[in-house]
Amino acid sequence: MDTPLTPPVDPAAAPLGDLPGCGPRTLEKLAARGVLTLQDLWLHLPLRYEDRTRVVPIRALAGGPAQVEGRITAVESGFRFRPQLKVAVEDESGATLLLRFFHFHRTQVASFGIGRRIRVYGEARFGAHGPEIVHPSYRLLDEADPGVLSGALDPVYPAIEGIGAASVARLVAEAMRRLPPGEALELLPAAWRTRLGLPTLCEALALAHRPPAGTDLAALAEGRHPALQRLVFEELLAHHISLRRQRIAMKREGARAIASGGELAARLRAALPFSLTSAQERVFAACRHDLAQASPMLRLVQGDVGSGKTVVAALAALLAVEAGRQVALMAPTELLAEQHLANFAAWLEPLGVRVVWLAGKLGTRARTQALAAIADGSAQVVIGTHALMQEHVAFHDLALAIVDEQHRFGVHQRLALRDKGADGRCVPHQLVMTATPIPRTLAMTAYADLDVSVIDELPPGRTPVQTVAVSAERRAEVVERIRGACSDGRQAYWVCTLIEDSAEVEAQAAQSTFDQLMAQLPGLRIGLVHGRLKAAQKQETMRAFKAREFDVLVATTVIEVGVDVPNASLMLIENAERLGLAQLHQLRGRVGRGAAASTCVLLYQPPLSAMARERIEAMRASNDGFVIAEKDLALRGPGELLGARQTGLAGFRIADLARDAALLPAVRDCADVLLAEDPARADRLVARWVGGAARYAGA
Ligand code: ADP
Ligand code: MG
């Protein structure tokens, strides 16, 4: 027989094959749900618990799940409308409970002898004749089974497809029986357990699966219980360490230091019609410092919409160009990439820098030329969409990869761009920009592999956008308001939101709104832009709007990110109740970019759901992206907040970032200590919790 190459390091990783009752078919079904090892069963935590540790007097029943014990006083089975079996049970409290069964067997009816003791568990409700339970679980008691009460609550597990609930419970119980004793599994240093008041992993698991009678179930359900906090802490710690490890690995890869004098950047600054805000200065200085190192810059620049991230990116790009090397800027939509192209061309070409465009829709000749210029290095700055990541795009010497609105991309896409510049020993520097402000605690976990800097100041002279919510019944007034604003020389956006998840349907909605407004606002010049138009058409419409050749731009949410027309001061969002907070805030960020006072009108379709009402209220209450993000986190949880990025975090089994964010500072401190003092233990933690996600994230 072959001996295994590596003995199992962690008893938790033992496969399930030798659990009793775990045949090949069961194994297969478990595997389909990602349950492969003992540990996977240990972490298959109950959804809720059933309390059979005590018996409640019938008179004291208050509705809700309860266990009751008494004698059968009457049995009646009838078939009037449908088969029904009714069993009356009376206990010492003198009250009667009615049990109803709609599915039953004749032998079952026979077993309910008058005067027998019965113990039932189920959801008690109050019917016309007092308390009743439909389809309780029950046990008939006698001398042979006096019904000793359990000392622990019964777990109810999440279903595993194809395996019955009872089998899942039995499998988990078998797995728990194999939990190694004492500290064998423990990876969290004792000092940290004491400091945070957390139990050992074994204790935590034992409690989570079989909480003793009297356990605070609300604390368990809400994740506040120390046993759950223990599991959550370890999971967050493992994820955090895995991101930090990636960062360490990337930093180790090495990059070529860019130590140009900054002459081109200085020339751009001199040519700009404004001076940088101090936040922009600070972030640019950080980039400059990073670029001068021989390890790759891994910097995330967070800044609210309109905070001026683009110019910082352009200045950083010039440092690389001056060093004779190439820069790539990738944006998630063609519209946004085009706008960057326009800005970069206007800023850099006067300095003699060649800016090249590469997107999906490009004629064959133009594309061949672009590819050639990218390959021979004559394209100093390359701007485009996902097309930049395609295989046949070969850079001559990519020094800096800039990714805008990174939440639209996954980690792997950002890394794919990085790989374009990898030459075996060195990788390009990376600058990531996002207007999705995420709360600090969350940033620490989600972006533990990046250095985060924040542009926390808007350029001077901006007046805050005033936000109002208006019912769609008052649409006509809103249209009038647009007429008024436009005759004062202002410009307006009218945004149509997605009705179905289809660009086609969305485009139609925008088209009909456009037709309507054309009819209602004769004399105003109205443009239309949506995702189904050709790139050149979109570009032309945007240019015309920017050049004030249109008063109103009817658009789909394609204009959500990045579009910059400072003279536009009125934003109207139709069916605002359909959009999430982050998206509403992004759209609102399209106005308030000039000196004129701006307004954002949220046109909604009544009645509003409670959630939609809260979102609209939050929009009215604040213009600050970070405040909005906190609110968004509270309303939706972190999943959607982080967008594609979340895929790297989606693997949480137990933790919930919205709920558990308070643990994150301790998670980070503990990771610092482990990485410095016990890296082997840190690795075991990652292997235990993040196996799959780490493979993904390393892609
Ligand atoms: P975002 O951070 O949302 O990408 P942009 O980079 O598009 O913001 O900048 C928004 C607008 O503000 C642009 O018109 C830009 O030229 C302008 N801008 C950027 N920095 C400054 C500044 N320091 N002073 C005045 N205007 C600025
Ligand atoms: Mg931008």
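Examine segment 248-263 for a residue that is closer than 19 Å to Gln326 by Cα, within 16 Å of ligand 1 (Cβ to nearest atom) and either part of a helix (DSSP H, G or I) or over 36 Å from the mean Cα position of the chain (by Cα) (or both), and state whether such a residue exists.
Checked against the condition, which is being closer than 19 Å to Gln326 by Cα, within 16 Å of ligand 1 (Cβ to nearest atom) and either part of a helix (DSSP H, G or I) or over 36 Å from the mean Cα position of the chain (by Cα) (or both), segment 248-263 yields no hits at all.
If I filter segment 337-384 down to residues being touching a strand residue (DSSP E or B) at 6+ places or on another chain (Cβ under 7 Å) and more than 24 Å from Ala323 (Cα to Cα), which single residue comes out as modelled with the highest pLDDT?
Ala337
How about segment 446-494: which of its residues are assigned to a helix (DSSP H, G or I) and β-branched (Val, Ile, Thr)?
Val478, Val479, Ile482 - these are the residues of segment 446-494 that are assigned to a helix (DSSP H, G or I) and β-branched (Val, Ile, Thr).
Find the strands (runs of 3 or more DSSP E) located wholly in segment 20-116 whose residues include 2 or more that are under 22 Å from Gly214 (Cβ atoms), touching a strand residue (DSSP E or B) at 6+ places or on another chain (Cβ under 9 Å) and among the hydrophobic types (A, V, I, L, M, F, W, C), and list them.
64-78
All but one of (1) within 16 Å of ligand 2 (Cβ to nearest atom); (2) polar (S, T, N, Q); (3) part of a loop (DSSP other than H, G, I, E, B); (4) over 30 Å from the mean Cα position of the chain (by Cα) hold for Ser275; state the number of the condition that does not hold.
With (1) within 16 Å of ligand 2 (Cβ to nearest atom); (2) polar (S, T, N, Q); (3) part of a loop (DSSP other than H, G, I, E, B); (4) over 30 Å from the mean Cα position of the chain (by Cα) applied to Ser275, the lone miss is (1).
Which pairs have Cβ atoms under 7 Å, sit 6 or more apart or on different chains, and link a residue in segment 443-467 that is within 29 Å of Arg668 (Cβ to Cβ) and away from ligand 1 (no atom under 14 Å from the Cβ) to one that is β-branched (Val, Ile, Thr) and in a strand (DSSP E or B)?
Short answer, once both residue conditions are applied: Ala443/Val452; Leu450/Val432.
Going through segment 559-592 one residue at a time, which ones are within 14 Å of ligand 2 (Cβ to nearest atom) and touching a helix residue (DSSP H, G or I) at 6+ places or on another chain (Cβ under 6 Å)? Before you say what the answer is, go through the steps one by one.
The first filter runs over segment 559-592 and keeps only residues within 14 Å of ligand 2 (Cβ to nearest atom), leaving 559-566, 585-587, 589-590.
Passing the criteria: Glu560, Val561, Gly562, Val565, His585.
Here's a check for you: in segment 283-299, which residue that is in a loop (DSSP other than H, G, I, E, B) and crowded, with 23+ Cβ neighbours inside 10 Å is farthest from ligand 2 (Cβ to nearest atom)? Quick ask: steps written out before the conclusion?
Initial filter on segment 283-299 (in a loop (DSSP other than H, G, I, E, B)): 292-297.
Next, only the ones that are crowded, with 23+ Cβ neighbours inside 10 Å stay: 296-297.
On the way: Pro296: 23, Met297: 19 Å.
Here the residue is Pro296.
Which of the numbered conditions does Gly127 fail, given that it passes all the others? Conditions: (1) touching a residue at least 12 places away in the same chain (Cβ under 8 Å); (2) more than 47 Å from the chain's Cα centre (by Cα).
(2)
Step by step: first the residues of segment 211-267, then only those that are of a type in the set (D, E, K, R) and closer than 30 Å to Val353 by Cβ, then the one that is surrounded by the fewest Cβ atoms within 10 Å (Cβ to Cβ). Which residue is that?
Just the residues of segment 211-267 that are of a type in the set (D, E, K, R), to begin with: 216, 222, 224, 230, 234-235, 244-245, 247, 251-253, 256, 263, 267.
Next cut, closer than 30 Å to Val353 by Cβ only: 251, 253, 256, 263, 267.
Values: Lys251: 16, Glu253: 14, Arg256: 21, Glu263: 11, Arg267: 14.
Per the criteria, the residue is Glu263.
Condition test on Arg282, is it more than 12 Å from ligand 1 (Cβ to nearest atom) and either among the polar types (S, T, N, Q) or over 25 Å from Val393 (Cα atoms) (or both)? Outline the logic, then answer.
Numbers: more than 12 Å from ligand 1 (Cβ to nearest atom): yes; either among the polar types (S, T, N, Q) or over 25 Å from Val393 (Cα atoms) (or both): yes.
So Arg282 fits the description; yes.
A quick yes/no check of all residues on (1) surrounded by 13 or more Cβ atoms within 10 Å (Cβ to Cβ); (2) charged (D, E, K, R):
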position: His44; (1), (2): yes, no
position: Gly63; (1), (2): no, no
position: Glu76; (1), (2): no, yes
position: Glu90; (1), (2): yes, yes
position: Ala95; (1), (2): yes, no
position: Arg100; (1), (2): yes, yes
position: His103; (1), (2): no, no
position: Arg116; (1), (2): yes, yes
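The values are calculated or read from the model by the stated rules, or taken from the named source; none is laboratory data. These numbers come from a predicted model, not from an experiment. Here Cβ is always computed from backbone atoms with ideal geometry, including for glycine, and neighbour counts include all displayed protein chains.
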